[in-house]
Structure formats: C-alpha cells, structure tokens
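A.B. asks: Let me begin by handing over the structure; questions about it come next.
The values are calculated or read from the model by the stated rules, or taken from the named source; none is laboratory data. Just so you know, these numbers come straight off a predicted model, no measurement behind them. Because the Cβ atoms are built from the backbone with ideal geometry, glycine has one as well, and the counts that use them run over all protein chains shown. Surface areas here come from the heavy atoms of the whole protein model, side chains and all, with no ligands, DNA or RNA. Shrake-Rupley method; radii C 1.70, N 1.55, O 1.52, S 1.80 Å.
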Amino acid sequence: MTVGLALRDQRAELTIFRTRLTVAGLLALAAFGVLVARFAWLQVVQREHYHTLAEANRISVVPVVPNRGLILDRNGEVLAANYSAYTLEVTPSRVGNVELAIDELAQVIEVSPRDRRRFRRLQEESKNFESLPIRTRLTEEEVARFAVNRWRFPGFEIKARLFRSYPHGDIASHAVGYIGRINEADVRRIESAGLAANYKGTDHIGKLGIEGAYERELHGTTGSEQVEIDAGGRAIRSLSRAEPQSGNNLVVTLDVKLQRVAEEAFQDYRGALVALDPRTGDVLALVSRPGFDPNLFVDGIDPANWDALNNSPDRPLNNRALRGQYPPGSTIKPFMALAALAYGKRTPEFTISDPGHWTLPGVSRPFRDWKAGGHGLVNLHKSIVVSCDTYYYGLANDLGVDAIHRFMTQLGFGSRTGIDIDGELSGLQPSTDWKWQRFRQKWYAGDTISVGIGQGYWLATPLQLAAATATLANGGVPVHPRLVRAVQDARTQEIRELPVRNGPPLDFRPEHLELVKAAMIDVTRPGGTAVRAAQGAPYLVAGKTGTAQVVGMKAGEKYDEKKVRERHRDHALFIAYAPADDPRIALALLVENGGHGGSTAAPIAREVLDFHLLGKRPERRQALGDEEAEGD
C-alpha cells in the first residue's frame, strides 16, 4: 500500500511539473514573440522615423543669415554697409545662474557695466532660449582667451556676426534710418506677413527710414546648414549647406555731399530742409536738425544715450522734414496769388493802397502788416516781391476758406505726399467742415484772414512745401517725392530703375504761372525779401520768404525778437527753385525760432543751390542790415 501511494504521487507531481513547464515554455515563447514583434515594428515598420530622430540628435540644422544689402547714394557713395566681427553670446536657458557666470566670465574677458545693462535689457525683451550677446566686437586676443577657457562656460559661444555700419554718422540719419534688434512687435509683424521662416537666426531688422521701408529688399533670403554635432553640442563638421541669398542693394536719390553741405549750413539751428529734383521728384537732400548717429542703435542703444536722445528738448529723433507741422507763413503767398488768378478774384493790374493794416468789416481790431506804415501801392506782382500781408488779408476774405482749401489740396497741402518711407504726417488744410468736425464750431471770417498769410489753423510739413514748390517750378505737373531710385539685384548685379511717379498736370493757365514765377524771381533781387538768396549768383533764383509765429501777441503788443525767449521766437521759412529758367532743384526749408526768412533761411538755401548747381560752397555771409532783407 505504501509503495502504490508513492508511485501515484510521483505521477501526479510529474504531471504538474510537465504542465508548469509547458506553461512556462508558452509564456517564454509568447514573451519572445512579443520581443520579436516589437523588434520588427521598430526595425522595419518604424525604421525611417527613428532613423530621423537619431540623425536629429547627431545633426543640427543651423540657419545661415544673409548679408544685408547696401545703401548707396546717387553717386555710389556708401551710406549703409556691413562688416564682420566676433560676438560672445549666451543662451540663458543653458546657464544655471547667468549673473554668476558673467561674473566669472569677466575674469577672462572684460565685461563693462554698459555691456551688463544692455544684456539685461535684451534679456527682458527676449525669450529665455534665445542666444543674446554679452560682448560684441571681440579682438583676436579675447577670442583666444575665451577658447582656452570655454569648458568653464557652458551655454556661452563665440559667433561671427555681421554688423551694420553707417560711415557718415548722423548725416542723412532720418532718411537712411537704422537697424535694431527684433522685438515682440517686430515678431508679430513678421509672422503676420508669413515671413517667420525667412527670419530664423536673424537678430536685427530695419526700424526707420529707408532701412525700415525697404526691409524686404535689404534683408535677403535665409539659408541653412546641416552640421554634425557631438554629445556636448559642439559642431564637428558641415554635412550640407543651402547658401543664403544676400539682400539687394539700394541706390537712393540722395547726394550725400549735398546732404552734408545742407546739414552743416544749419550750424547750431534746429530745422528741416527738403531739396527735390522737380523733374522726377528725386529727393536730393532731406535734412532734419539735429539728427542722431544710427550707429548707436546697431548693438542696442545703451540707456544713457537713449535718455539723451529721447529726452532732449531739441528732439533729435523727430524727423522734422516729414513730421514737423508748422504754419507755412508767407511762403504760401505765390500759391494764394495763383488761386486768385485761377478763380478770377484778382487781375495782374488790381492794385491796393497798403496803409500797413487791414480791417475786416464789422471788426474793430485791425490785422497788421509786417511792415509798419505799409508798402504803398501794391499789385499782385509787388505783393509777392515785398510779401505784403495787407494784400492777402483782403484776398483771403474774397476767396473764402473753402475755395482756398479746394485750390491748395490739389497742390498737396493737407495730405501726405506719399514719399517712400514711413512716418509722414499730413499737415492741416482747414475748411469750414473741418472746423465743425473738429471743434463743433462754425467758421468765422477772422479765421480766414489768418489762413490767407499761412497762419491760423494752416499747418504744413517742409516736405509738402518742397513738393508744392517743385510743382510750381515744373509748370503745374505734381511730383511725388521718392528716396529710392533703383534696386540692384544681389545675384545678377542688374540695376532695376524704379518708375518716376509724376501726376497729371494741374489745370493752371501758363500765363498765370509765368506771372507768379516772375514775381518769385524778383523776390531774390534788390527790393525783394530774399535778396541774399541770389546775390552774385550766375543763375536765376525764384523764391519766397516766410515767417511763422510761434506764440501769439497781445492786442497792441509789438513783436520784439530780443525780448522773447529763444524757443518762442518766430520760425524762418524759405522756398525756392533754380535755375528759374530751367529748374533742376526745388527746395523748402524751415529754421525753428530763426526769425526772418530773408536773413536766416535764405542764406542756407543759397549754400545748397550753389553746391548743387556750381559744385562749390560759398562763404557764409553776414546778415544784411537793410529793412527789406529783414522782412517776411
């Protein structure tokens, strides 16, 4: 019995063992099958996917930033160029304590307080994973010192960068503009235009002037490079490269030598000047004084310089040529005379007796002429030559503000000229509707009288005045000012001329134009208010002076420049074109708080005209002492 039970137990145990062995074998086989299936899935089905990921760990695609296009003046002089320099950059996300790392770095390479301030500002404006410069323009010695100590500074890297350079400094700064680091507003604008891919790796963008307006032409097309990297993220070798396409060069209308003469002619005065070629609308010079050095913005302007520019009472960042809105003063009198002839309100023979003031019917307070005692008998020709206010008080009253508005708007007053850079303001050409919409007030006859001499609500920019003067010089054909005349293709070097955008001729009668032009020529002759603009010149000059009030005077109070604070003194204006018989240049200029157009503005214009037409610069003349030269 005992032996039988033992045999039965062994059979049962053997059966259980075999069962367990079979189950274990099946489980092992199933597990092996799962491994084989997974292996097949990864190695066969998902091979391309994981191969790509593996390559991505080994290969980095680096954007290659294109060279920015050059900006050249009309004679080939470089206004904006590029140069290469080493930059030490840091990616904050790869550094534990950035400030501590910079302190250690400063023991190897000098890091000034200005560098630290700029870095903190860039860090506030940028994403944490972006590479930011801590030092720019490193010397070869500094590069070598960092290379030896590189292992101590993970997240820091030496890069070769292209920097923008403006070799003429503040000359033409408002026209050329500058580049600056891309900020959040720029990113949104780039993304909305669908250009994000083309700006990968790009840190700077045009911010103002030609640099900003022609950004797409200047920027170029970003390339790419596949670089093999090691475990430490260091580049080992280049695998492939798609070359970037450099930006196109721009040939602008400016003559930088003329520009320099014009800017230096202002000396310490504030103001603006615009000189145009009346045949094409080419801007020969665009001055806004004081200006600024665009090189300050290339690396990111430091707070001290920014505060100096932004808080200066002289407002050097304000483009007075495009954005300065001033009463045009007596410079509008030739256009008012043209309106009088066009609307039949005056004839060349119509003459008034000027007692030195004019009184609006029903109003006791007289409107005074700039010359006490008046100009005697004045016809249309003389009214322009001696700038008789009294003549234009009566004319404005007869025309009415809405007729003045209709005539002047066709000359471009009250609207932008459409110049090819941003920031232009439209000025103000008042009308009865405008005053009602703006103030909910009716227009009074007294408002019209002030408008008649370019005062009151009327505001114009120097650019508008220059364009209107060019239209007059051009026989009534409106010109559209432009700063870029041609684009040079970066690949083919082919130059593509941009079209001239002259408008259709205005409906001015030739005899009316000739009457006004003849008077403007006599403005620059003895007896005229701008004799200094043409004295001894071997060419004919047609011009008109102007004076614009800055602060109003009390009733019965006489203006005395010596008793008025400098910034409350009148503005001096002058418009001109020459040679009067074959115009090649038309200009308008304003000298802030300069006093009289004849004694302050006209001599500046003469320097510009002589240099452009004769290739020389006359010596600055002393102010004339006679009354006519000091007039409006």
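A.B. asks: For segment 469-509, which positions are small (Gly, Ala, Ser) and either part of a helix (DSSP H, G or I) or not assigned by TED's automatic domain parsing to the domain that holds Phe413 (or both)? Steps first, please.
C.D. replies: To start, the set of residues in segment 469-509 that are small (Gly, Ala, Ser) comprises 470, 473, 475-476, 486, 490, 503.
Hits for segment 469-509 are Ala470, Ala473.
A.B. asks: Looking for whichever is touching a Ser or Thr at 6+ places or on another chain (Cβ under 6 Å), touching a residue at least 24 places away in the same chain (Cβ under 8 Å), within 30 Å of Gly212 (Cβ to Cβ) and among the small types (Gly, Ala, Ser) here; the options are Ala490, Ala460. Which one fits?
C.D. replies: On the way: Ala460 fails: touching a Ser or Thr at 6+ places or on another chain (Cβ under 6 Å).
From the options Ala490, Ala460, the qualifying one is Ala490.
A.B. asks: Are any residues in segment 367-421 of a type in the set (Val, Ile, Thr) and either crowded, with 24+ Cβ neighbours inside 10 Å or out of contact with any strand residue (DSSP E or B) (no Cβ under 6 Å at 6 or more places or on another chain) (or both), and if so, which ones?
C.D. replies: Ile384, Val385, Val386, Thr390, Val401, Ile404, Thr409, Thr417, Ile419, Ile421
A.B. asks: Of a type in the set (Val, Ile, Thr), under 21 Å from the mean Cα position of the chain (by Cα) and surrounded by fewer than 24 Cβ atoms within 10 Å (Cβ to Cβ): does that describe Val487? Full working, then the answer.
C.D. replies: Values: of a type in the set (Val, Ile, Thr): yes; under 21 Å from the mean Cα position of the chain (by Cα): yes; surrounded by fewer than 24 Cβ atoms within 10 Å (Cβ to Cβ): yes.
Spelling it out, Val487 is indeed of a type in the set (Val, Ile, Thr), under 21 Å from the mean Cα position of the chain (by Cα) and surrounded by fewer than 24 Cβ atoms within 10 Å (Cβ to Cβ).
A.B. asks: Check Pro63 against each of (1) touching a Pro at 6+ places or on another chain (Cβ under 9 Å); (2) within 26 Å of Asn305 (Cα to Cα) and name the one condition it does not meet.
C.D. replies: (2)
A.B. asks: Any residue in segment 185-206 that is at positive phi sitting within a Cβ distance under 9 Å of a residue that is of a type in the set (A, V, I, L, M) and open to solvent by 40 Å² or more (accessible area, probe 1.4 Å)? List the pairs, counting only those 6 or more apart or interchain.
C.D. replies: Filtered contacts from segment 185-206: Gly201/Val62; Gly201/Val65.
A.B. asks: Within segment 295-345, can you find the residues that are within 23 Å of Ile179 (Cα to Cα), in a helix (DSSP H, G or I) and charged (D, E, K, R)?
C.D. replies: Listed by number, the residues that qualify are Asp307, Arg320, Arg323.
A.B. asks: Can I ask one more? Quick check on my filter: what residues within segment 608-617 are modelled with pLDDT under 95 and crowded, with 21+ Cβ neighbours inside 10 Å?
C.D. replies: none
A.B. asks: Quick check on Gln429: is it under 30 Å from Val550 (Cβ atoms) and surrounded by 23 or more Cβ atoms within 10 Å (Cβ to Cβ)?
C.D. replies: Details: under 30 Å from Val550 (Cβ atoms): yes; surrounded by 23 or more Cβ atoms within 10 Å (Cβ to Cβ): yes.
Here the answer is yes, as Gln429 does meet what is asked.
A.B. asks: Also, I was wondering about something else. If only one of Asn97, Asn75 is closer than 30 Å to Glu263 by Cβ, out of contact with any strand residue (DSSP E or B) (no Cβ under 9 Å at 6 or more places or on another chain), open to solvent by 80 Å² or more (accessible area, probe 1.4 Å) and not hydroxyl-bearing (Ser, Thr, Tyr), which one is it?
C.D. replies: Working: Asn97 fails: closer than 30 Å to Glu263 by Cβ.
Sole residue among the options that is closer than 30 Å to Glu263 by Cβ, out of contact with any strand residue (DSSP E or B) (no Cβ under 9 Å at 6 or more places or on another chain), open to solvent by 80 Å² or more (accessible area, probe 1.4 Å) and not hydroxyl-bearing (Ser, Thr, Tyr): Asn75.
A.B. asks: Anything in segment 358-370 that is assigned to a loop (DSSP other than H, G, I, E, B) and touching a helix residue (DSSP H, G or I) at 6+ places or on another chain (Cβ under 8 Å)? List them, or say none. I'd like the intermediate steps shown before the answer.
C.D. replies: Quick first cut of segment 358-370, residues assigned to a loop (DSSP other than H, G, I, E, B) only: 359-366, 369-370.
Answer for segment 358-370, where residues must be assigned to a loop (DSSP other than H, G, I, E, B) and touching a helix residue (DSSP H, G or I) at 6+ places or on another chain (Cβ under 8 Å): Leu360, Val363, Asp369, Trp370.
A.B. asks: Follow-up. Would you mention how many residues in segment 152-164 are at pLDDT 85 or above and open to solvent by 30 Å² or more (accessible area, probe 1.4 Å)?
C.D. replies: Going through segment 152-164 one residue at a time, the tally reaches 4.
A.B. asks: Something else now. Among the residues in segment 350-357, are any out of contact with any helix residue (DSSP H, G or I) (no Cβ under 8 Å at 6 or more places or on another chain), farther than 19 Å from Tyr457 by Cα and open to solvent by 20 Å² or more (accessible area, probe 1.4 Å)? Step through it out loud before you land on a result.
C.D. replies: Filtering segment 350-357 for residues out of contact with any helix residue (DSSP H, G or I) (no Cβ under 8 Å at 6 or more places or on another chain) gives 351, 353.
With the extra rule that they be farther than 19 Å from Tyr457 by Cα, the set shrinks to 351, 353.
Applying the additional criterion that residues be open to solvent by 20 Å² or more (accessible area, probe 1.4 Å) yields 351, 353.
Looking for residues that are out of contact with any helix residue (DSSP H, G or I) (no Cβ under 8 Å at 6 or more places or on another chain), farther than 19 Å from Tyr457 by Cα and open to solvent by 20 Å² or more (accessible area, probe 1.4 Å), one finds at least one in segment 350-357, hence yes.
A.B. asks: Quick check: is even one residue across segment 310-328 farther than 27 Å from Phe611 by Cβ, assigned by TED's automatic domain parsing to the domain that holds Glu497, buried (at least 24 other Cβ atoms within 10 Å of the Cβ) and of a type outside the set (S, T, N, Q)?
C.D. replies: Checked segment 310-328: at least one residue is farther than 27 Å from Phe611 by Cβ, assigned by TED's automatic domain parsing to the domain that holds Glu497, buried (at least 24 other Cβ atoms within 10 Å of the Cβ) and of a type outside the set (S, T, N, Q).
A.B. asks: Inspect all residues belonging to segment 206-214 and state whether any of them is at pLDDT 85 or above, of a type in the set (A, V, I, L, M), under 13 Å from the mean Cα position of the chain (by Cα) and assigned to a strand (DSSP E or B).
C.D. replies: Pass one, segment 206-214, residues at pLDDT 85 or above: 206-214.
Then drop every residue that is not of a type in the set (A, V, I, L, M), which leaves 208, 210, 213.
Now drop any that are not under 13 Å from the mean Cα position of the chain (by Cα), which leaves 208, 210, 213.
Still in the list and also assigned to a strand (DSSP E or B): none.
Looking through segment 206-214, none of the residues is at pLDDT 85 or above, of a type in the set (A, V, I, L, M), under 13 Å from the mean Cα position of the chain (by Cα) and assigned to a strand (DSSP E or B).
A.B. asks: Taking the options Val261, Val287, name whichever one is in the same structural domain as Gly594 (by TED's automatic domain parsing), farther than 30 Å from Ala396 by Cα and part of a strand (DSSP E or B). Outline the logic, then answer.
C.D. replies: On the way: Val261 fails: part of a strand (DSSP E or B).
Val287 is the lone residue from the list that is in the same structural domain as Gly594 (by TED's automatic domain parsing), farther than 30 Å from Ala396 by Cα and part of a strand (DSSP E or B).
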